1. Consider only pairs whose beta carbons are under 6 Å apart and that are at least six residues apart or on different chains; among these, list those whose first residue lies in region 267-296 and is over 24 Å from G253 (Cα atoms) and whose second residue is part of a helix (DSSP H, G or I) and not acidic (D, E).
2. Of the numbered conditions (1) over 19 Å from T226 (Cα atoms); (2) buried (at least 18 other Cβ atoms within 10 Å of the Cβ); (3) within 19 Å of the chain's Cα centre (by Cα); (4) at pLDDT 95 or above, Y101 satisfies every one except a single condition; which is it?
3. Here is a check on your reading of the model: is D257 exposed (fewer than 15 other Cβ atoms within 10 Å of the Cβ) and either assigned to a helix (DSSP H, G or I) or touching a residue at least 60 places away in the same chain (Cβ under 8 Å) (or both)?
4. Kindly provide the set of residues from region 168-182 that are out of contact with any Leu (no Cβ under 6 Å at 6 or more places or on another chain), touching a residue at least 24 places away in the same chain (Cβ under 8 Å) and of a type in the set (A, V, I, L, M), ordered by number.
5. Out of all the residues in region 20-39, is one or more among the aliphatic types (A, V, I, L, M), modelled with pLDDT of 95 or more and within 20 Å of G141 (Cα to Cα)?
6. Out of all the residues in region 260-299, which are more than 23 Å from S217 (Cα to Cα) and assigned to a loop (DSSP other than H, G, I, E, B)?
7. I'd like the full set of residues that are within 16 Å of L124 (Cβ to Cβ) and in contact with a His (Cβ under 6 Å, 6 or more places away or on another chain), limited to region 79-110.
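The values are calculated or read from the model by the stated rules, or taken from the named source; none is laboratory data. Since the structure is predicted, the reported quantities are computational estimates derived from the model, not experimental observations. In this analysis, Cβ positions are derived from the backbone assuming ideal geometry, glycine residues included, and neighbour counts consider all displayed protein chains.
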Amino acid sequence: MTLPATEPGPDRRPGDGAAPRDVPGDWRPDVLGEDWEALTLPLRPDEQGEGVATLVRRRSPRHRRAVLYVHGYVDYFFQRHLGEAWEEMGYSFYALDLRAYGRSLLPHQIPNYTTELATHAEELELAVRLLRDAGHTVVVGHGHSTGGLILSLWAHARRGSGVVDALVLNSPWFDLNRGWVDRVLTTRAVDVIGGVAPRVVVGQVSHHYGEGLHRDSGGAWDYDLTLKPHRGFGVRAGWIRSVRRAHHAVARGLAVDVPVLVCTSDATGPADRLHDALDRTDSVLAVEHILERAPRLGPDVTVVQVPGGIHDLALSAEPARRTYLDAIRTFLRERLPEA
């Protein structure tokens, strides 16, 4: 499976001396506060009907370089400090709430649902085209978990186009963190069910990780629990079918032709129960799966393990969070040197 380009615009790279312009559109104040604003991106109808995506940005001096952040499953962009960190690195920060996620969820939609991950190529194309047309000479794709999987397959499908200049992946979801039965036999069954009854709920995300994050249950972070509930919205057969096919594509090997940084924790914690190391392990995905499949993305992949990191490395406690951000800074300096 690959993610095809969706009506791509010309892959223009403005001259290095061009000052970035404003991204056009009706920007509005964002829920994150006075330094943030959002732009609605209308999309073509999919299996759920009309949909939108939402581009979020931090209001700050515009840099020639930009980053586009893509969130994970049962997620949306809320990590203000991540945007600030990228700004300190000299990158204008943008984040994309995908269709049926977060700010983009419409009343008629099943949350976080599509029967084909390739559908998200449309909003990726639109967002990157806006950034390029505004004069950003370098664009980095930055994906967390499912967002890392989507960006990897999209960059593979668009290889040779120069649509992005590098990928930074935060605990990308490259395999199912389950035993052999679920990874093989159950996957085969879900592949059949997903084709005939795609909206059937076949699973649920574990609530322990979310409860460990949110301040109302003892964590360090605050976010909207209606958009990112601890137990998710129910895993639908059609969606997980597409995810598993994407996992198999990564396992076979991709040909991403830009530098890739893959960051992950140094330890896997159990995903199905509360445990003492929840605050210093990846207790959603299996680190060993990420390490095994990261080299298959393409010829230029750098892998960094972050001691004490959690699944979303940007939400890790210190010093793990700083180690993660330093790894990004080093990668950008070495692989995308200043023009």
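1. The qualifying pairs are L274/H208; L278/G212; S283/Y209.
2. (1)
3. Values: exposed (fewer than 15 other Cβ atoms within 10 Å of the Cβ): no; either assigned to a helix (DSSP H, G or I) or touching a residue at least 60 places away in the same chain (Cβ under 8 Å) (or both): yes.
Taking the combined requirement at face value, the residue does not satisfy it.
4. Listed by number, the residues that qualify are L169, L176.
5. So the first thing to find is which residues in region 20-39 are among the aliphatic types (A, V, I, L, M), and the list is 23, 31-32, 38-39.
Restricting the remaining residues to those that are modelled with pLDDT of 95 or more gives 31-32, 38-39.
Then drop every residue that is not within 20 Å of G141 (Cα to Cα), which leaves 38-39.
Yes - at least one qualifying residue is present in region 20-39.
6. D266, A267, A286, G298, P299
7. The one that is within 16 Å of L124 (Cβ to Cβ) and in contact with a His (Cβ under 6 Å, 6 or more places away or on another chain): L98.
For every residue, the table says whether it meets (1) farther than 30 Å from E211 by Cβ; (2) out of contact with any Ser or Thr (no Cβ under 7 Å at 6 or more places or on another chain); (3) buried (at least 17 other Cβ atoms within 10 Å of the Cβ).
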position	(1), (2), (3)
R64	yes, no, yes
V67	no, yes, yes
H71	no, yes, yes
Y76	no, yes, yes
R80	no, yes, no
A85	no, yes, yes
